[in-house]
1. Select from region 175-190 the residues that are open to solvent by less than 10 Å² (accessible area, probe 1.4 Å) and of a type in the set (Ser, Thr, Tyr) and list them in ascending order.
2. Within region 365-382, identify whether any single residue is part of a helix (DSSP H, G or I), in contact with a Pro (Cβ under 9 Å, 6 or more places away or on another chain) and farther than 26 Å from ASP147 by Cβ, and answer yes or no.
3. Has region 116-135 got at least one residue that is at pLDDT below 90, touching a strand residue (DSSP E or B) at 6+ places or on another chain (Cβ under 6 Å), outside any helix (DSSP H, G or I) and more than 27 Å from GLY324 (Cβ to Cβ)?
4. Residues to consider are GLY306, GLY319, GLY314, GLY296; find the one that is in contact with a strand residue (DSSP E or B) (Cβ under 6 Å, 6 or more places away or on another chain) and either part of a loop (DSSP other than H, G, I, E, B) or under 30 Å from LEU356 (Cβ atoms) (or both).
5. Scan region 345-364 residue by residue and report those that are part of a helix (DSSP H, G or I) and either of a type outside the set (Asp, Glu) or surrounded by fewer than 17 Cβ atoms within 10 Å (Cβ to Cβ) (or both).
6. Which condition does THR124 not pass, out of (1) more than 28 Å from TYR271 (Cβ to Cβ); (2) open to solvent by 20 Å² or more (accessible area, probe 1.4 Å), if it passes all the others?
7. Return the only residue of VAL322, VAL334 being open to solvent by less than 10 Å² (accessible area, probe 1.4 Å), under 20 Å from GLU190 (Cα atoms) and modelled with pLDDT of 95 or more.
8. ASN268 - would you say it is closer than 30 Å to SER386 by Cα and not charged (D, E, K, R)?
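The values are calculated or read from the model by the stated rules, or taken from the named source; none is laboratory data. Values in this document were obtained by computation on a predicted structure and should not be read as measured data. Note that we place each Cβ from the backbone using ideal geometry, even for glycine, and neighbour counts take in every protein chain shown. Only protein heavy atoms, including side chains, enter the accessible area calculation; ligands, DNA and RNA are left aside. Shrake-Rupley method; radii C 1.70, N 1.55, O 1.52, S 1.80 Å.
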Amino acid sequence: MPSPGAAGEPGQPLDPSNSPDVPTSQGHSPEHDTAPSQGPGQDAGEEPPHAPQPARRHDGRYVAMLVSGALTIVLGIAAAVLPVPYVVESPGPTFNTLGTDHDKPVISITGHATYPAKGNLDLTTVYINGGPNGPVNIFEAFQAWLDGSKAVYPEELLYPKGVTKQQSEQESALAMTTSQENAVASALKEENIPYGQKLAVAGLSDGSASAGKLQTGDVFTSINGKAVTSLNVVQTALADGAGAPAAVVVDRNGKPVTVSITPGKGSNGKYILGVLLQYKFTFPFDVKISLDQVGGPSAGMMFALGIIDSITPGDLTGGKHVAGTGTISPDGTVGPIGGIAQKMRGARNGGATLFLAPAANCDEVVGHVPDGLQVVKVDTLADAKSAVERLASGQNVSRLPTCSNN
């Protein structure tokens, strides 16, 4: 989450102004190349008063050394300032979802009873240097590669080619907003508190099968006669239809509109309508999440746990220090995130002893767990809540599922 972060200290370029002066030989005229003969009364061992030094012949190797040295300095400076196509991830700060940020509660709830909570439910972040967040040079990338707390990735693995910093920040902010709404929905679902949920069209992809048929803002009502209550309903209907035209009914500006759409196939082989979808919720009370300078979707699960702790009596953590990460869906499914090795380090640095990790990230967890931190793998919000409750009650948490023992 956060997003987007602070750069490391750059390597210091070589400075040609600090190079030692190079001695130069002075030429002599031919008549001074040999010493004059001894004059009368002069001791045999005495050097003539103005005896010239022998001339130093120019050496091609000497010139080559000078050129080579200058070239080395220039290349060193270039290496220090020219960017390389890599991204560096390093541990970022943690934020207690039960606490405050800049003197404001991270989670504020109005319209529903709330209860004081002790302990920590920390969300974790990663600093990202490189890509649209600002270039890194070869020295920074090499230094990060040698640092066990950091990770270095080719830029194209994390960012589409040509994406700007502004675009990256906008996408990160949107992902954060979506994760907060999903967190509220999943928390209410976990506590059996009803709320309204609709699926709306946020945009159309290039070459969309729905072009000219669906519009941004359309709210799905039904597909093939089945009421649309979640994305899963749409996906199941398209899979069952096996490519046949789908009868889609949407609410457009308060009026029902029926269209027939022949789905295409996505890169994963699944049938799709070629639309970007987003949930629209109607909650029975207001939940406000305030967190500056942090973006992305990976705090969703920890937000949901913080909301649950705030709206239910008692203390979910029992005063213990828990951290974690993971995206969250409205139905409570916990999804994978990036930078988990750095987030585990950040969690331990912040004082956490238990870390909740998405099961889908287990391959990146094994071998990277810091000393003193127990990592529990979770698939759902219910799994995460159960693990925290077990820790709070003083039960043995060593038997909880980890990435090493299933």
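1. SER179, SER186
2. No; the residues of region 365-382 include none that is part of a helix (DSSP H, G or I), in contact with a Pro (Cβ under 9 Å, 6 or more places away or on another chain) and farther than 26 Å from ASP147 by Cβ.
3. yes
4. Criteria check complete, one pass: GLY306.
5. As a first pass, look at region 345-364 and keep what is part of a helix (DSSP H, G or I): 345-349, 359-364.
Within region 345-364, ARG345, GLY346, ALA347, ARG348, ASN349, ALA359, ALA360, ASN361, CYS362, ASP363 qualify.
6. THR124 satisfies all of (1) more than 28 Å from TYR271 (Cβ to Cβ); (2) open to solvent by 20 Å² or more (accessible area, probe 1.4 Å) except (2).
7. Details: VAL334 fails: open to solvent by less than 10 Å² (accessible area, probe 1.4 Å).
That would be VAL322, the only listed residue that is open to solvent by less than 10 Å² (accessible area, probe 1.4 Å), under 20 Å from GLU190 (Cα atoms) and modelled with pLDDT of 95 or more.
8. Working: closer than 30 Å to SER386 by Cα: no; not charged (D, E, K, R): yes.
No; evaluated as a whole, the condition is false for this residue.
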